[in-house]
Amino acid sequence: MRFYLLTALVVVAVQAQTLTGNADNGKRLFLKNGCYQCHGYAGQGGLGGARLAQTKLPLVAFTAYVRNPAPGGMPPYRAKVMSDQELADVWAYIKTFPEPPPVKSIPLLNQ
């Protein structure tokens, strides 16, 4: 059993390294699959989902987590729901989220 799991993870890692994402399609998928409902439209996160904006996760780790999330968290998105290419597209879209403004530029936080 462990051998098959390890083999599957290696296959996902190799495939994810060779994919390039399309951010426009990623945005469409992010909205279509309801990712925004928990993670927010700008990937800011919230009560229902982790912050995605400015993620440091490489595509391989992102794909592995989306396929097999921690118990009690988000539902798994298997290849039947989102292909590896579609996950690469979503990841490319997430990487377009802008950096938040510096704290010093927000007057209310500097009173």
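The values are calculated or read from the model by the stated rules, or taken from the named source; none is laboratory data. In this text, all values refer to a predicted model and were calculated from it rather than measured experimentally. Note that we place each Cβ from the backbone using ideal geometry, even for glycine, and neighbour counts take in every protein chain shown. Surface accessibility is based on the protein's heavy atoms, side chains included, excluding ligands, DNA and RNA. Shrake-Rupley method; radii C 1.70, N 1.55, O 1.52, S 1.80 Å.
Which condition from (1) of a type outside the set (D, E); (2) surrounded by 14 or more Cβ atoms within 10 Å (Cβ to Cβ); (3) modelled with pLDDT of 95 or more is the one that M74 breaks?
(3)
Of everything in the stretch 56-71, what is open to solvent by 30 Å² or more (accessible area, probe 1.4 Å) and assigned to a loop (DSSP other than H, G, I, E, B)? Give them in sequence order. Spell out how you get there, then give the answer.
Here is the first cut: in the stretch 56-71, the residues open to solvent by 30 Å² or more (accessible area, probe 1.4 Å) are 56-58, 60-61, 64-65, 68, 70-71.
Those that are open to solvent by 30 Å² or more (accessible area, probe 1.4 Å) and assigned to a loop (DSSP other than H, G, I, E, B): K56, L57, P58, N68, A70, P71.
Would you confirm whether any residue within the stretch 44-51 is modelled with pLDDT of 90 or more and assigned to a helix (DSSP H, G or I)?
no
Report, by residue number, each residue of the stretch 55-93 that is closer than 18 Å to G34 by Cα, in contact with a helix residue (DSSP H, G or I) (Cβ under 7 Å, 6 or more places away or on another chain) and among the β-branched types (V, I, T).
Residues satisfying the conditions are T63, V66, V90.
Per-residue answers, yes or no, for (1) among the charged types (D, E, K, R); (2) within 22 Å of P98 (Cβ to Cβ):
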residue: K27; (1), (2): yes, yes
residue: L31; (1), (2): no, yes
residue: C35; (1), (2): no, yes
residue: C38; (1), (2): no, yes
residue: R51; (1), (2): yes, yes
residue: Q54; (1), (2): no, yes
residue: V66; (1), (2): no, no
residue: A70; (1), (2): no, no
residue: P75; (1), (2): no, no
